[in-house]
Amino acid sequence: MQLTKEQRTFIIEKYFQTKSFQHVIQSFQEHFPERQSQTKMTIWRNVTRYRTKGTRLNLNKGRSGLKRTGRSKKNVRIVQGALTENPQISARKSELNVTKSTFNRIITLNLKWHPYKMHVRNKLLDNDLPRRLNFAQWFLHRNIRFVDDILVGFSFEWQSKLSQCSLICTEEPIS
């Protein structure tokens with residue numbers, strides 16, 4: 001875990017007061033008992049950074065690791081625009097010059113959208129409607145808040161379209 005600004009300042013000040021690694025380590029333990037004891041190398045790096053760069057801040061913060069070229073702001077805008085225009089776009093078949101994995105990372109991590117495919121399990125028949133209506137009324141009488149939480153609409157015309165339909169939603173679908 002990285003040191004806070006206060007902890008870095010404490011280490012540098014104690015070192016310049018005492019010029020002793022052991023005294024800095026003991027003082028740090030007493031002042032910050034919840035933190036793990038610091039090594040001589042940690043103290044030396046912080047003091048050296050202060051002497052050479054004139055700062056106690058972590059200069060690597062936000063710049064360490066590989067650059068995110070795939071999930072750039074430009075690519076996020078391109079994917080978002082394509083999905084807004086056509087929510088059924090496929091990650092593999094899209095012509096956005098973005099890899100499938102980058103496309104999926106942009107959707108889930110940047111846009112906070114959750115791709116899902118609707119599956120029809122049973123064919124709805126005409127005589128199912130009264131049974132479903134009775135069940136829905138019984139369920140609503142038992143769970144009055146259910147109407148506030150979820151609104152569901154059914155249409156027999158959707159059955160043929162759902163098998164080919166992939167959607168993107170802003171909330172994770174319930175499995």
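Scanning segment 111-133 for residues that are at negative phi and of a type in the set (Lys, Arg), which turns out nearest to the chain's Cα centre (by Cα)? Explain how you work it out, then say what you get.
In the first step, residues of segment 111-133 are kept if they are at negative phi; the result is 111, 113-133.
Keeping just the survivors that are of a type in the set (Lys, Arg) gives 117, 121, 123, 131-132.
Values: Lys117: 21, Arg121: 31, Lys123: 37, Arg131: 42, Arg132: 38 Å.
Within segment 111-133, the match that is nearest to the chain's Cα centre (by Cα) is Lys117.
How many residues are surrounded by 17 or more Cβ atoms within 10 Å (Cβ to Cβ) and either touching a Pro at 6+ places or on another chain (Cβ under 6 Å) or assigned to a helix (DSSP H, G or I) (or both) if we restrict to segment 22-38?
Residues flagged as surrounded by 17 or more Cβ atoms within 10 Å (Cβ to Cβ) and either touching a Pro at 6+ places or on another chain (Cβ under 6 Å) or assigned to a helix (DSSP H, G or I) (or both) within segment 22-38 amount to 4.
What residue, among those in segment 111-131 that are assigned to a helix (DSSP H, G or I) and not basic (Lys, Arg), is least open to solvent (accessible area, probe 1.4 Å)?
Quick first cut of segment 111-131, residues assigned to a helix (DSSP H, G or I) only: 128-131.
Filter once more, so that each one left must be not basic (Lys, Arg): 128-130.
Details: Asp128: 25, Leu129: 102, Pro130: 74 Å².
This residue is Asp128.
Looking at the structure I just gave you, is Lys5 surrounded by fewer than 12 Cβ atoms within 10 Å (Cβ to Cβ) and in contact with a Leu (Cβ under 9 Å, 6 or more places away or on another chain)? Give the derivation first.
Numbers: surrounded by fewer than 12 Cβ atoms within 10 Å (Cβ to Cβ): yes; in contact with a Leu (Cβ under 9 Å, 6 or more places away or on another chain): yes.
When the stated conditions are applied, Lys5 passes them.
Would you point out the residue of segment 91-106, among those that are open to solvent by less than 100 Å² (accessible area, probe 1.4 Å) and at pLDDT below 85, that is farthest from Lys117 (Cα to Cα)? Let's see the steps before the verdict.
Step one: filter segment 91-106 for residues open to solvent by less than 100 Å² (accessible area, probe 1.4 Å), giving 91, 94, 96, 98-99, 101-104, 106.
Checking which are at pLDDT below 85 leaves us with 91, 94.
Values: Ala91: 13, Ser94: 17 Å.
Filtering first and then ranking leaves Ser94.
Which members of segment 84-110 meet the condition of being under 22 Å from the mean Cα position of the chain (by Cα) and in a helix (DSSP H, G or I)?
The answer is Thr84, Lys100, Ser101, Thr102, Phe103, Asn104, Arg105, Ile106, Ile107, Thr108, Leu109, Asn110.
Residue check: is His119 touching a Pro at 6+ places or on another chain (Cβ under 9 Å) and not small (Gly, Ala, Ser)? Lay out the reasoning, then the answer.
Details: touching a Pro at 6+ places or on another chain (Cβ under 9 Å): no; not small (Gly, Ala, Ser): yes.
Answer is no for this residue.
With (1) open to solvent by 70 Å² or more (accessible area, probe 1.4 Å); (2) in a loop (DSSP other than H, G, I, E, B); (3) among the aliphatic types (A, V, I, L, M) as the list, and Met41 as the residue in question, which single condition is left unmet?
(2)
List pairs: first in segment 8-24 and under 10 Å from Ile43 (Cα atoms), second exposed (fewer than 14 other Cβ atoms within 10 Å of the Cβ) and among the β-branched types (Val, Ile, Thr), Cβ under 9 Å, 6+ apart or cross-chain?
As it stands, the answer is Phe21/Thr39; Val24/Thr18, since those pairs meet every condition given.
Val76 fails exactly one of the following numbered conditions: (1) open to solvent by less than 70 Å² (accessible area, probe 1.4 Å); (2) outside any helix (DSSP H, G or I). What is the number of that condition?
Failed condition: (2).
The values are calculated or read from the model by the stated rules, or taken from the named source; none is laboratory data. What you are looking at is a predicted structure, and each value in this text was computed from that prediction instead of being measured. Every residue, glycine as well, gets a Cβ built from its backbone with ideal geometry; the counts of neighbours run over all protein chains shown. Heads up: the accessible areas ignore ligands, DNA and RNA and are worked out on the full protein's heavy atoms, side chains in. Shrake-Rupley method; radii C 1.70, N 1.55, O 1.52, S 1.80 Å.
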